[in-house]
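Visitor: My questions will all concern the structure given below.
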């Protein structure tokens with residue numbers, strides 16, 4: 001079970017943390033560290049995510065989602081897109097890495113969804129480029145508003161693990 005593997009590998013840490021949003025939390029989800037230490041976990045996640053992917057192309061926001069997106073695309077033999085967190089002032093200056101055909105359906109893969117802000121930005125960028133985006137698959141949903149924000153914008157959030165499942169077992 002993915003939840004158990006995340007705990008076993010220390011991907012979910014407990015203590016005092018400040019999140020990207022500035023909010024304080026008593027737990028932190030460290031997927032990047034878990035992948036670096038366990039390629040087996042990445043393989044397990046790819047298998048689960050692949051079973052939930054409907055599109056013929058996947059996308060993800062740098063940095064946390066990149067290993068999952070690339071591994072999933074490779075396993076399914078489909079193309080992928082990377083969304084930069086910030087625009088560039090040099091080179092092509094494009095926040096989207098990879099081609100998009102108008103009307104193409106793309107599933108977004110994310111490591112962790114909290115408020116949904118960064119993944120919603122990715123949805124908007126892809127839609128502006130002509131893609132159809134109606135699904136986000138994430139490893140962990142922190143259940144902090146992301147699902148509602150996405151739903152309001154016509155996007156289904158499909159989590160492998162909800163943080164309430166993890167916290168329930170810790171009590």
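Visitor: Where does the chain land on the Kirkwood hydrodynamic radius, alpha-carbon pairs, in angstrom?
Guide: Kirkwood radius, the chain: 16.3 Å.
Visitor: Assuming 0.36 nm per residue, please report the length gained on full extension of the stretch residue 75 to residue 21 beyond their Cα-Cα distance.
Guide: The residue 75-residue 21 span can extend by a further 16.2 nm.
Visitor: Still on this structure, I have one more. Against the longest principal axis of the chain, how steep is helix 117-128, in degrees 0 to 90 to the nearest 10, with axes from Cα atoms?
Guide: 20
Visitor: What is the order of 115, 18, fewest Cβ neighbours within 10 Å to most?
Guide: Exposure proxy ranking, most exposed first: 18, 115.
Visitor: Here is a further query. Applying a 10 Å radius around every beta-carbon, put 61-69, 39-47 in order of their mean neighbour count, most first.
Guide: 61-69, 39-47
Visitor: List 16, 104 from most exposed to least, where exposure is judged by having the fewest other Cβ atoms within 10 Å.
Guide: Listing 16, 104 from fewest to most nearby Cβ atoms yields 16, 104.
Visitor: Determine the calculated [θ] at 222 nm for the chain from helices alone, applying -39500 (n - 2.57) to every DSSP H run no shorter than 4 residues and normalising by the residue count; nearest 500 deg cm²/dmol.
Guide: Computed ellipticity for the chain at 222 nm equals -11000 deg cm²/dmol.
Visitor: When only Cα pairs under 8 Å and 6 or more residues apart are kept, what is the percent relative contact order across region 42-170?
Guide: The value is 22 percent.
Visitor: Hey, another quick one. Fully extended, how many nm does the chain gain between residue 153 and residue 52 (0.36 nm per residue separation, minus their Cα-Cα distance)?
Guide: 34.4 nm
Visitor: I've got another one for you. Taking the chain as the reference, fit the longest principal axis to its C-alpha atoms, fit the long axis of helix 66-76 to the helix C-alpha atoms, and give the angle between the two in degrees, 0 to 90, nearest 10.
Guide: 70
Visitor: Measure out, as a whole number of angstrom, how far apart the alpha-carbon centroids of region 1-65 and region 96-140 sit.
Guide: If you average the Cα positions of each part, the centres end up 17 Å apart.
Visitor: Could you line up 127, 135 from fewest to most neighbouring Cβ atoms inside 10 Å?
Guide: Lowest to highest Cβ neighbour count: 127, 135.
Visitor: Now for a different question. How far is helix 39-52 tilted off the main Cα axis of the chain, in degrees rounded to 10, range 0 to 90?
Guide: Tilt relative to the chain: about 60 degrees.
Every number in this text was worked out from the coordinates using simple rules, so none of it is lab data. Bear in mind that the values here come from a model prediction, so they are computed numbers and not experimental data. All Cβ positions, even for glycine, are placed from backbone atoms using ideal geometry, and neighbour counts span all protein chains on display.
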